[in-house]
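Visitor: One structure follows; several queries about it will come next.
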Amino acid sequence: MKPLLKILPLSAVLLGGQVLLLSGGCAATATRESTGEFVDDATITTKVKAAFVKDETVKARDVSVETFKGVVQLSGFVNTPEEKARAGQIAANVVGVRDVKNNVTVK
């Protein structure tokens, strides 16, 4: 049983009736996210895309969303400068977004 504990990335330890989770997950670096950051960024991306679907101005299928460490990058093509600006504004208003890089191109 002891060798199995060495290879498990996540273990639980009981301490006085409390469960302590020990994680062997990846740490974040400047170019790589931790597991928690990856999950947070996936959530942010989903929320931005959902906000685009609800908005009358932005055509959600025309704008791609990628998030890295809370920074949202928008890309794709839109018809008007107003649509580009609105996409950036919507993304900036999503909880957890630290910055928006609006690389959307107006056709």
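FYI, it's all coordinate maths here, none of it is from the lab. Just so it is clear, the structure is predicted and the values come from calculations on it, not from any experiment. Here Cβ is always computed from backbone atoms with ideal geometry, including for glycine, and neighbour counts include all displayed protein chains.
Visitor: Inspect segment 73-93 for any residue being of a type in the set (Phe, Trp, Tyr), touching a helix residue (DSSP H, G or I) at 6+ places or on another chain (Cβ under 7 Å), in contact (Cβ under 8 Å) with a residue 12 or more places away in the chain and within 22 Å of Ser34 (Cα to Cα) and give the result as yes or no.
Guide: Looking through segment 73-93, none of the residues is of a type in the set (Phe, Trp, Tyr), touching a helix residue (DSSP H, G or I) at 6+ places or on another chain (Cβ under 7 Å), in contact (Cβ under 8 Å) with a residue 12 or more places away in the chain and within 22 Å of Ser34 (Cα to Cα).
Visitor: What single numbered condition from (1) of a type in the set (Asp, Glu); (2) over 16 Å from the mean Cα position of the chain (by Cα); (3) within 22 Å of Ser34 (Cα to Cα) fails to hold for Glu66?
Guide: (2)
Visitor: If a residue must be out of contact with any helix residue (DSSP H, G or I) (no Cβ under 8 Å at 6 or more places or on another chain) and either within 20 Å of Val106 (Cβ to Cβ) or free of Cβ contacts under 8 Å to residues at least 12 places away in the same chain (or both), how many such residues does segment 38-69 contain?
Guide: 9
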